[in-house]
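Novice: Before we start, here is the structure in question, set down as structure tokens.
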Amino acid sequence: MTNTHEMLMGGIFQFDVKTGDISANLASAADGITRLGEKGAHFTVLPELWSCGFDVPRMLKAHAGKTPQIIQTLRELAKKHRMIIAGSLPEESDGCIYNTMFLVDADGSIAGTYRKIH
């Protein structure tokens, strides 16, 4: 993470999360992250389940299968823009689907995760 003596500038952008449309949502998020990066933002937080929205439960397993690719894209964006990025995505583990918050550090590494319990 960044030096604690540095002033961090966060950024906000909005996009319409399209239920079940991972490609459109990823493109919108990447565009917003890029715009913030160009303005010098150091961190941003994406909406809950921003990649797919609150789609019907039977679709979450398929969406979770795409999460590793989405995380890789976030890692590349974070590294490119030296930005900390957080947001929750569906994650499959041991046959269960979790709403997991991923924190990607400015160097592109996964700095942490948190699985929502409800």
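Novice: Could you give me the residue pairs with C-beta distances under 8 Å whose first residue belongs to the range 100-118 and is at positive phi and touching a residue at least 12 places away in the same chain (Cβ under 8 Å), whose second residue is outside any strand (DSSP E or B) and open to solvent by less than 50 Å² (accessible area, probe 1.4 Å) wherever it lies, and which are 6+ apart or on separate chains?
Specialist: Gly108/Ala78
Novice: Of all residues in the range 49-66 being within 12 Å of the chain's Cα centre (by Cα) and buried (at least 21 other Cβ atoms within 10 Å of the Cβ), which is nearest to Gly108 (Cα to Cα)?
Specialist: Residue satisfying both the conditions and the ranking: Ser51.
Novice: Given (1) of a type in the set (A, V, I, L, M, F, W, C); (2) in a strand (DSSP E or B); (3) free of Cβ contacts under 8 Å to residues at least 40 places away in the same chain, where does Ala86 come up short, assuming only one miss?
Specialist: (3)
Residues checked against (1) assigned to a helix (DSSP H, G or I); (2) β-branched (Val, Ile, Thr); (3) modelled with pLDDT under 95; (4) open to solvent by 60 Å² or more (accessible area, probe 1.4 Å):
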position	(1), (2), (3), (4)
Ile71	yes, yes, no, no
Leu74	yes, no, no, no
Asn99	no, no, no, no
Gly108	no, no, no, no
Ala111	no, no, no, no
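Novice: A further question on this structure: Please enumerate the residues belonging to the range 18-48 that are part of a loop (DSSP other than H, G, I, E, B), farther than 20 Å from Gly108 by Cα and either open to solvent by 40 Å² or more (accessible area, probe 1.4 Å) or in contact with a Ser or Thr (Cβ under 8 Å, 6 or more places away or on another chain) (or both).
Specialist: Correct list: Lys18, Thr19, Asp21, Glu48.
Novice: Considering only the range 76-96, state which residues are modelled with pLDDT under 95 and touching an Asp or Glu at 6+ places or on another chain (Cβ under 9 Å).
Specialist: Hits for the range 76-96: nothing passes.
The values are calculated or read from the model by the stated rules, or taken from the named source; none is laboratory data. Note that this is a predicted model, so its numbers are computed, not measured. Quick reminder, even Gly has a Cβ in these numbers, built from the backbone with ideal geometry, and neighbours come from all protein chains shown. Remember, those area values only see protein heavy atoms, side chains included, never the ligands or the DNA or RNA. Shrake-Rupley method; radii C 1.70, N 1.55, O 1.52, S 1.80 Å.
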